[in-house]
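The values are calculated or read from the model by the stated rules, or taken from the named source; none is laboratory data. The structure displayed is predicted, hence computed values, not measured ones. Cβ placement follows ideal geometry from the backbone for every residue including glycine, while neighbour counts extend to all protein chains displayed.
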Amino acid sequence: MSFNSWLYVYANPINLTDPSGMTPQGSLPPCSPMIMQAGIPCQPTTPPFTPPLPLPYCLPIVVNQGLPCIPLPCPSLPGAGGGTPAPGNGGGGGSQDPVLFGIDFTPEGAWTAIHKNNAMAGVAALGARFAAIPGIGGTAWSAFRNVFGITDTDKMKFEWNVLCENCRGDKDKNYTQAIMYEKCKNADGTQGFDDPHTVYEFRPPPKKAKPTSETLNCKPGGAYTHNSHWIEFATMSDDPVIGRNHAVHELGHAFNGRFSGNPVTGLYSAFGTDRSGLCPNENGVLKWQQNTADTQGEVWADTFLAWTFSCYTDSPTGRDLQPWMEDYMAGLITGG
Ligand SMILES: [Zn+2]
């Protein structure tokens, strides 16, 4: 029997769906009990995803605390070789390959090439900065992996999700993101989100979530860092510096989680929430201060950004902050 593609499709209607990418996949909300009860079309879900806590690498700070850890890996990836950077893999001008750095961009197709490039520029610059710390060394990507405890089976997840942060569910009302999606209508009744590539995960809403006027007006923005290996981005600038700095700022939150919140409290105890040492924004654009809230966590994340690119003001605070950060980061990471 000769293969007849038309007949094959005709006989199997399920194959009429187009997996080529032109048809939005996963644009229906996941089937939660409330969604199904409301009669809303939905997609069957898998059980909620709970990221496992990463076991840290045996950096001195971990060993000194007697914590369980896994030995520092002998890199087996291309470019590795006894701590000597291979051509193209060391320093800020080296590789920006997400595979090398252990970055998992998800979901498939949601990230534009520009946003990926911006994010990887931040990752690579940060890795080069880590590698420059005495006692760390290696390539930008190996230093990035070691400091964050990234392995090929436990990567750094960069998730694109327009529902992140400002359109989260409410714990008490047991809202899921899918239900919030249904609630997120513009004033004219149209859907507040129209990104055809967005995939909605069913998961318990975080405790901190509360419905706000912003939630219900659906203006997602920025990013949300869940833990040391998981950052959700709702937006990112196409500008190469602003987008890159955004990624580094979020990695500052992840770094704080990686070191059990010590960076935030350490900086606060020394400088409070003084921002005068950080490079200023210009024309109201969030460039060097990505989140100008005077909270301890945001001041830390922007100071982490300042450290990554050595961008401080020539001011009393800036002149104190720069050497303090140099010492603090090296001591924290190497246990020295
Ligand atoms: Zn932040």
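Residue by residue through the range 324-336, note down the ones that are out of contact with any helix residue (DSSP H, G or I) (no Cβ under 9 Å at 6 or more places or on another chain) and surrounded by 15 or more Cβ atoms within 10 Å (Cβ to Cβ). Steps first, please.
Just the residues of the range 324-336 that are out of contact with any helix residue (DSSP H, G or I) (no Cβ under 9 Å at 6 or more places or on another chain), to begin with: 327, 330.
The answer is Ala330, and nothing else.
Of the residues that sit in the range 293-323 and are near the ligand (Cβ under 10 Å from one of its atoms) and without any contact (Cβ under 8 Å) to a residue 24 or more places away in the chain, which one is surrounded by the most Cβ atoms within 10 Å (Cβ to Cβ)?
Among those that are near the ligand (Cβ under 10 Å from one of its atoms) and without any contact (Cβ under 8 Å) to a residue 24 or more places away in the chain, it is Glu298.
Could you run through the range 119-148 and say how many residues are of a type in the set (S, T, N, Q) and surrounded by 24 or more Cβ atoms within 10 Å (Cβ to Cβ)? Outline the logic, then answer.
Restricting attention to the range 119-148, the residues satisfying the condition of being of a type in the set (S, T, N, Q) are 139, 142, 146.
Next, only the ones that are surrounded by 24 or more Cβ atoms within 10 Å (Cβ to Cβ) stay: 139, 142.
Looking only at that region, the number is 2.
If Val241 meets every condition in (1) assigned to a helix (DSSP H, G or I); (2) within 13 Å of the ligand (Cβ to nearest atom); (3) within 24 Å of Asn117 (Cα to Cα) apart from one, which number is that one?
In the conditions (1) assigned to a helix (DSSP H, G or I); (2) within 13 Å of the ligand (Cβ to nearest atom); (3) within 24 Å of Asn117 (Cα to Cα), Val241 misses (2) alone.
Among the residues of the range 284-336 satisfying the criterion of being more than 21 Å from Gly257 (Cβ to Cβ) and among the β-branched types (Val, Ile, Thr), which is farthest from the chain's Cα centre (by Cα)?
Thr317
Look at the range 264-289 and say how many of its residues are within 13 Å of the ligand (Cβ to nearest atom) and in contact (Cβ under 8 Å) with a residue 60 or more places away in the chain.
Summing the residues that are within 13 Å of the ligand (Cβ to nearest atom) and in contact (Cβ under 8 Å) with a residue 60 or more places away in the chain in the range 264-289 gives 0.
Within the group Gly257, Gly272, Gly252, Gly192, which residue is at pLDDT 95 or above and farther than 20 Å from Asn117 by Cα? It would help to see each step written out before you state the result.
Details: Gly257 fails: at pLDDT 95 or above; Gly252 fails: farther than 20 Å from Asn117 by Cα; Gly192 fails: at pLDDT 95 or above.
After applying the criteria, what remains is Gly272.
Based on this model, can you work out whether Phe233 counts as modelled with pLDDT under 95, out of contact with any Lys or Arg (no Cβ under 7 Å at 6 or more places or on another chain) and farther than 24 Å from Ser315 by Cβ? Working first, answer last.
Numbers: modelled with pLDDT under 95: yes; out of contact with any Lys or Arg (no Cβ under 7 Å at 6 or more places or on another chain): yes; farther than 24 Å from Ser315 by Cβ: yes.
The answer is yes for Phe233.
State the number of residues belonging to the range 254-289 that are in contact with an Asp or Glu (Cβ under 6 Å, 6 or more places away or on another chain) and buried (at least 18 other Cβ atoms within 10 Å of the Cβ).
Of the residues in the range 254-289, the ones in contact with an Asp or Glu (Cβ under 6 Å, 6 or more places away or on another chain) are 273, 278, 289.
Restricting the remaining residues to those that are buried (at least 18 other Cβ atoms within 10 Å of the Cβ) gives 278, 289.
Final tally of qualifying residues: 2.
For Glu214, all conditions in the list (1) modelled with pLDDT under 90; (2) assigned to a helix (DSSP H, G or I); (3) touching a Leu at 6+ places or on another chain (Cβ under 9 Å) hold save one; what is the number of the exception?
(3)
Could you figure out which of (1) out of contact with any Phe, Trp or Tyr (no Cβ under 7 Å at 6 or more places or on another chain); (2) within 16 Å of the ligand (Cβ to nearest atom); (3) over 25 Å from Ala140 (Cα atoms) isn't true of His253?
Here His253 clears every test but (3).
In the range 114-139, how many residues are of a type in the set (A, V, I, L, M), assigned to a helix (DSSP H, G or I) and farther than 17 Å from Ser310 by Cα? So that I can check it myself, show each step before the final result.
Residues of the range 114-139 of a type in the set (A, V, I, L, M): 114, 119-121, 123-126, 128, 131-133, 136.
After this cut, where a residue has to be assigned to a helix (DSSP H, G or I) as well, the list is 114, 119-121, 123-126, 128, 131.
Within this subset, residues satisfying the condition of being farther than 17 Å from Ser310 by Cα are 114, 119-120.
Residues flagged as of a type in the set (A, V, I, L, M), assigned to a helix (DSSP H, G or I) and farther than 17 Å from Ser310 by Cα within the range 114-139 amount to 3.
Within the range 265-282, is there a residue that is among the polar types (S, T, N, Q) and in a helix (DSSP H, G or I)?
yes
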